[in-house]
1. Using amide H atoms built in the peptide plane, which far-off residues or other-chain residues are under 5 Å from Val248 H to H?
2. Roughly how much of Thr107 is accessible, in Å² to the nearest 10, using a 1.4 Å probe?
3. Which value at 222 nm does the chain reach when only helices count, each DSSP H run of 4 or more adding -39,500 (n - 2.57), with the total divided by all residues and rounded to the nearest 500 deg cm²/dmol?
4. Placing +1 on the Cβ of each Lys and Arg and -1 on the Cβ of each Asp and Glu in the range 88-201, which of Ser191, Thr157, Thr98 has its Cα farthest towards the positive end of the resulting dipole?
5. Of Leu303, Leu149, Leu235, which has the largest mean-square fluctuation in a 10 Å C-alpha GNM of the chain?
6. Helix 2-24 versus the longest principal axis of the chain: what is the Cα-based angle in degrees, 0 to 90, to the nearest 10?
7. Dipole of the chain, Cα-centred, from +1 at each Lys and Arg C-beta and -1 at each Asp and Glu C-beta, to the nearest 20 debye?
8. Quick check on the range 197-248: take the gyration tensor over C-alpha atoms, sort the square-rooted eigenvalues as a ≥ b ≥ c, and tell me if it's rounded (a/c under 1.5), prolate or oblate.
Amino acid sequence: MKKIILSIFFATIGLISSQKVQSQIIVTPTLCLQTSGSCDVTAYPNSTLYPNYYEVNLRVTAMVNTFQYGHFSLYPERRVYGTTTWGQFTPNTPFPNTGPSAPLSSTYSGTGKVFQVEGTVYEYRVRVVFSSSQGSKTVYTPIRKATVLGVPTPCFTMLNVVSSQNENSYYGPQTVNNICQNAVTINGSCSKFEQGYHIRIAEFNLATWSFGTDYYNNWVSGTGEAPPFISLNALAAQNGHYFQTGKVYIVSLSIGPVWKSAPPQFFRVLNTCRSGNDSSGDGIKDITVIEPIKEDNFEVNSLKLYPNPATENTVIHVDKSEKILSYTIYDNTGMVVKTEKITGEFNEKSIQLSDVRKGFYLITVETNKQVYKEKLIKE
């Protein structure tokens, strides 16, 4: 009985002694994301290995305030700024000389590297574990923030291109697209990090490389992003112009706030929306186009929109086998006037239109199976 009591006594003394030693281990770590100035970082991408990324250097130092020597192990974590969940990650370049294989020391200094994509904001911290024969200690570095700015990049593609050909110009052959006359539309969604976009549409003389009459030359939006549907017909019509066959036109898209322009594109218009690839009948067939919503040739599909024309609200209805994920309403210039993501398992959704002005609109509806397009009239 005495042996048992003595064993418990010495075990208790050992535990208390161990806790006392561990409590005496104080590890002071620091974390910086750049070499000078603030330990936070705000910068544009700087990586030569990955052009759209920034090389975040996680510089960690740690010091033990006792005469103990041990091993340092580092576990970096990060989270999206504004969220609460931390996630551990493996640096692209690991921290040097950490863990049991490293020499015994009472200090640590080293740098790991991770690549962070442009247009993101992350917070970083590092869990530092000091292990010695006298016990271990786990602490976290201060939290640091890395803001990688997005480089504004203009970009657009032309929709509804029936065919293309090279035509001679003052500066050599240029690609000219043929587009249906009533469906001259561009997609600007490939632009990145823009704050507003500007469109210029004009007649163009390839031989002399000179502009003719401007059909539109102005900001379409001074703050928003370039959308996937921009009707050039609608923009030109604002100035009383309509595209004519036989002429060459130029379109350019520029973005702000720092003015940058995408390479311009040339086009001609056709007075038909058909292409010569059908062997049945007359050798021509209809092609599917995205066009200004005043035209009435949308494909028949299982989307139902009622009432349409609408006043205060309208209802989206799809087949029971489909679930509505989101909808977006565009005006005649391609600007988004209303959008919403749908949560839940619904094949029907009522949309309030009290905040939408009277006019013609295009509504796109995304389901778990496909994307629908339909015209919407607000009275």
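1. Phe204
2. It works out to around 70 Å².
3. Helix-only estimate at 222 nm: -2500 deg cm²/dmol.
4. Positive-end residue among those listed: Thr98.
5. Among Leu303, Leu149, Leu235, the largest mean-square fluctuation in the Gaussian network model of the chain belongs to Leu303.
6. Compared with the principal axis, the helix lies near 50 degrees.
7. Its charge dipole is roughly 2020 debye.
8. prolate
The values are calculated or read from the model by the stated rules, or taken from the named source; none is laboratory data. Quantities reported herein were computed from a predicted structural model and do not represent experimental measurements. Methodologically, a virtual Cβ is constructed for each residue, glycine included, from the backbone with ideal geometry; neighbour enumeration extends over all protein chains shown. SASA here: full protein model, heavy atoms, side chains in, ligands and nucleic acids out. Shrake-Rupley method; radii C 1.70, N 1.55, O 1.52, S 1.80 Å.
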